[in-house]
Amino acid sequence: MTTNNHTPTTRSTKTKIHQRQLKVREGLHAYQLNQNPSQRTDVAEIQLKGHWLIEAGFAIDAPVTVRVMEGCLVLTTPQQAAMSTQFNQLKQREQQVITEVMDGFLVKS
């Protein structure tokens, strides 16, 4: 159980980051339960459950997007994904403005 295996870290006055220690376990797909045990192949599974999911913004029955990278899984709600996209767009615009200002500065010099 992971209830005692998390480390809170303050990120801002409103948001806390909790690190949880989970384990990748051996599992089976539901359709495999009817198969002969010698024909079954194991699959990896990670189980997430707890009140902390709701506190982190993952409401019951809400869709979740999972981005998969080597050694990294990122779970986001559509709302969080939209905010991330907006943040990236603002970041790109900020970089564009800085480039324009620097180009203007270099032309005047």
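Kindly indicate whether A62 is assigned by TED's automatic domain parsing to the domain that holds T85 and under 28 Å from P78 (Cβ atoms). Judged against the criteria, A62 is a match.
Somewhere in the range 23-37, is a residue hydrophobic (A, V, I, L, M, F, W, C) and either modelled with pLDDT of 90 or more or within 27 Å of T85 (Cα to Cα) (or both)? Checked the range 23-37: at least one residue is hydrophobic (A, V, I, L, M, F, W, C) and either modelled with pLDDT of 90 or more or within 27 Å of T85 (Cα to Cα) (or both). Cβ separations smaller than 7 Å between residues 6+ apart or across chains give no pair from the range 48-62 residues that are farther than 18 Å from Q21 by Cβ to residues that are outside any loop (DSSP other than H, G, I, E, B) and at pLDDT 90 or above.
The values are calculated or read from the model by the stated rules, or taken from the named source; none is laboratory data. What you are looking at is a predicted structure, and each value in this text was computed from that prediction instead of being measured. Backbone-built Cβ (ideal geometry, glycine too); neighbour counts: all protein chains shown.
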